[in-house]
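Asker: Got a structure for you, questions after.
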Amino acid sequence: MKITETMSRVAHGMRSALVCGLLAMTAGCSGITMVGSLDAGTETWANNVAPREPQGPVEMAACNAAVSKKTVSSGDITAVYLAADSSYQIVVAVVGSGHEADEMTPKKITNYLIVDGKIRAYSQPVMAPSPDVDYEKTIYSAAVGALSPDGFSVIIYSRPTRNFTVKGTKKTKCSFKVTVLDGFDSAGKILSERDVNICHDNL
């Protein structure tokens, strides 16, 4: 599974921000940092809470992934470490068996903002495809790539079983819509759309 280095020609020319997103994906996303990149005070997560201990197995897995800066799996839960700076981490938690015949079968997905090993904020859970860790990192990289002056990015994403075009579109300074389309076609059939927040709030 890999992201090809071929950028979509219909994307009006991606700039360096998308290239950085692709390089981050190649490196497993562990090098992504959002320090100083956005005015985080203008956008908050869906649910902000006073930093608290994780509640339940999903939040436990998310906090463990944040602390270890690695993917953590427990039963049908997979928590994927996505990004961090010196004070916070962003983790996506996916709940689903992973053994479905169709890899695009929706699973329950929640994003977490974690500070000092505690839950600081979390997104509204959504049902969306999530075949594996590489796919989740691609979704996040498409959002990061949309930090470009154009406000959008396009990643040509090749998997052993299927090809995708993954588009990130800027909504606000911290929030991005990521659309997954079938095949190498930026105007192809939409398979999934997801809102992704890449910022911490005003801590």
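The values are calculated or read from the model by the stated rules, or taken from the named source; none is laboratory data. These numbers come from a predicted model, not from an experiment. Cβ sites come from the backbone with ideal geometry, for glycine too, and all protein chains shown count toward neighbours. Each accessible area value is taken on the protein alone, full model and side chains, heavy atoms only, with ligands, DNA and RNA left out. Shrake-Rupley method; radii C 1.70, N 1.55, O 1.52, S 1.80 Å.
Asker: If you check Val58, Val19, Val35, Val67, which single one turns out to be part of a helix (DSSP H, G or I) and at pLDDT below 80?
Answerer: Numbers: Val58 fails: at pLDDT below 80; Val35 fails: part of a helix (DSSP H, G or I); Val67 fails: at pLDDT below 80.
Going through Val58, Val19, Val35, Val67 in turn, just one is part of a helix (DSSP H, G or I) and at pLDDT below 80: Val19.
Asker: Examine the stretch 47-55 for a residue that is among the β-branched types (Val, Ile, Thr), modelled with pLDDT under 95 and either surrounded by 14 or more Cβ atoms within 10 Å (Cβ to Cβ) or part of a loop (DSSP other than H, G, I, E, B) (or both), and state whether such a residue exists. Before the answer, list the steps.
Answerer: Within the stretch 47-55, the subset among the β-branched types (Val, Ile, Thr) is 49.
If we keep only those that are modelled with pLDDT under 95 as well, we get 49.
Within this subset, residues satisfying the condition of being either surrounded by 14 or more Cβ atoms within 10 Å (Cβ to Cβ) or part of a loop (DSSP other than H, G, I, E, B) (or both) are none.
No - not one qualifying residue is present in the stretch 47-55.
Asker: In this structure, does Ala83 turn out to be part of a strand (DSSP E or B) and open to solvent by less than 30 Å² (accessible area, probe 1.4 Å)? Outline the logic, then answer.
Answerer: Working: part of a strand (DSSP E or B): yes; open to solvent by less than 30 Å² (accessible area, probe 1.4 Å): yes.
It is true that Ala83 is part of a strand (DSSP E or B) and open to solvent by less than 30 Å² (accessible area, probe 1.4 Å).
Asker: Please go through (1) surrounded by fewer than 17 Cβ atoms within 10 Å (Cβ to Cβ); (2) of a type in the set (Gly, Ala, Ser); (3) within 21 Å of Thr78 (Cα to Cα) for Ser192 and return the number of the only condition it doesn't satisfy.
Answerer: If we test Ser192 against (1) surrounded by fewer than 17 Cβ atoms within 10 Å (Cβ to Cβ); (2) of a type in the set (Gly, Ala, Ser); (3) within 21 Å of Thr78 (Cα to Cα), just (1) comes out false.
Asker: Here's another thing I want to ask about it. Hey, does the stretch 99-106 have a residue that's open to solvent by 40 Å² or more (accessible area, probe 1.4 Å) and under 17 Å from Val80 (Cβ atoms)?
Answerer: Narrowing the stretch 99-106 to residues open to solvent by 40 Å² or more (accessible area, probe 1.4 Å): 99-103, 105-106.
Narrowing further to those that are under 17 Å from Val80 (Cβ atoms): 103, 106.
Yes, because at least one residue in the stretch 99-106 is open to solvent by 40 Å² or more (accessible area, probe 1.4 Å) and under 17 Å from Val80 (Cβ atoms).
Asker: Does at least one position in the stretch 130-141 carry a residue that is aliphatic (A, V, I, L, M), open to solvent by 70 Å² or more (accessible area, probe 1.4 Å) and outside any loop (DSSP other than H, G, I, E, B)?
Answerer: no
Asker: On to the next question. Would it be correct to say that Lys171 is open to solvent by 50 Å² or more (accessible area, probe 1.4 Å) and of a type in the set (D, E, K, R)?
Answerer: Yes; evaluated as a whole, the condition is true for this residue.
Asker: Just for the stretch 147-176: of the residues that are among the charged types (D, E, K, R) and modelled with pLDDT under 95, which one is nearest to Asn48 (Cα to Cα)?
Answerer: We begin by selecting, within the stretch 147-176, every residue among the charged types (D, E, K, R); these are 150, 159, 162, 167, 170-171, 173.
Checking the rest, the ones that are also modelled with pLDDT under 95 come to 150, 159, 162, 170-171, 173.
On the way: Asp150: 30, Arg159: 35, Arg162: 37, Lys170: 22, Lys171: 20, Lys173: 18 Å.
Across the stretch 147-176, the extreme among qualifying residues is Lys173.
Asker: Look at Leu113 and say whether it is open to solvent by less than 40 Å² (accessible area, probe 1.4 Å) and modelled with pLDDT under 95. Walk me through how you get there before you give the answer.
Answerer: Details: open to solvent by less than 40 Å² (accessible area, probe 1.4 Å): yes; modelled with pLDDT under 95: yes.
Yes, satisfied.
Asker: A further question on this structure: Ala146 versus (1) surrounded by 23 or more Cβ atoms within 10 Å (Cβ to Cβ); (2) under 18 Å from Glu103 (Cβ atoms): which is the lone unmet condition?
Answerer: (2)
Asker: Among the residues of the stretch 56-70, which ones are under 24 Å from Arg159 (Cβ atoms) and surrounded by fewer than 19 Cβ atoms within 10 Å (Cβ to Cβ)?
Answerer: Lys70
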